[in-house]
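Below is one structure, written out as structure tokens; comments come after it.
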Amino acid sequence: MRNWLATGAQQAPDTTVSLIESVGTRGFAGAALGTLQSLIPAASWNAYQVGAQCEPRLYFSASHEVPDRTTHCWQAYLTGPHAQDRTLQWDGADAGRAHLCHITSGEVPDEHRQRVYDAHGVAERISIVRQQSAGQIFAVNLYRHRHQPAFSDRHLAAFETVGPVLLALAHKHVELAPPARSPRDWLAHWRGRLQLDTAKLTERELDVCARILAGWSLDGIAVDLGVSLTTVKTYRKRAFDRMDIHFRNELFSRVGMASAAAA
């Protein structure tokens, strides 16, 4: 893994103009990633906040010419790796400055690599990170997937040039765009919708079904709730039996109808 300070000594005018034009728009994440392809051919990217004193929050993400699994990667990251991730942290006098990081999947701790990188075909990451108040970390990350050639020295040099601009624009986009719901916000949202249903689910059944509706895998639900996969399947079956449904798509349809009836 390589870490170094961002100098911002050079500029990439054409790329910067294109990036600025999309800030604050709904399509910013996809448009910006497309613009970056000529400099850094990343398959996906994101911006998020993590830290011991704050709730993890994924601000935006997008993929380019591959199925978009960025949300699944984020959910996998939150099942444990985010709490032990030291690749985005620094100590000392430079802690408040923007740092660059380049790391391959083989250098990532085992749990992190297996749940996030290997499970979703990610091979490499370059990041620009700034530590903020109360230990909060704001990170902009570009990912190479396994089907792509490795990032070259030219790509890393381009990221060193455009990275500080990208970090500033990501901050500004977060300020301008409507805030995205955090994963826990989504769980509360889906629990509320489930509680509109006439079937009375137990607390654990609500926990499981809310996470299903939020897009979590059964394995991820088991880790988050601290129970076995078999137990998760049992709660799911009991909840589905109470609602007289059999499949995940029926759960989405039923919750949607309950929400409409209450409107």
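Coordinate-derived values only; no laboratory data. These numbers were taken from a predicted model, which means no experiment stands behind them. FYI the Cβ positions are ideal-geometry reconstructions off the backbone, even for glycines, and counts take in every protein chain you see.
A few comments on the model shown:
- Computing FRET efficiency as 1/(1 + (r/R0)^6) for GLU65 and ALA177, where r is the C-beta to C-beta distance and R0 is 41 Å, gives about 0.95.
- Cα coordinate range in the chain, projected on the principal axes (Å, largest first): 62, 38, 38
- Full-extension gain in nm, VAL227 to ALA188, via 0.36 nm per residue minus C-alpha separation: 12.0 nm
- A simple spin-label model places pseudo-atoms 7 Å from Cα toward Cβ; at SER152 and MET1 they are separated by 2.7 nm.
- Net length available on complete extension from LYS237 to ALA119 is 39.9 nm, with 0.36 nm assigned per residue and the Cα-Cα distance removed.
- Inter-probe distance in nm under a simple model that places probes 7 Å from Cα toward Cβ, at THR198 and SER38: 6.0 nm
- A dipole drawn for the chain from +1 and -1 charges on Cβ atoms has a positive end, and of TYR59, PRO149, ILE103 the residue lying farthest that way is TYR59.
- The chain - mean residue ellipticity at 222 nm from DSSP helices (-39,500 (n - 2.57) per run, n ≥ 4, rounded to 500): -13500 deg cm²/dmol
- Scoring 137-144, 225-232 by mean Cβ neighbours within 10 Å over their residues and listing the highest first yields 137-144, 225-232.
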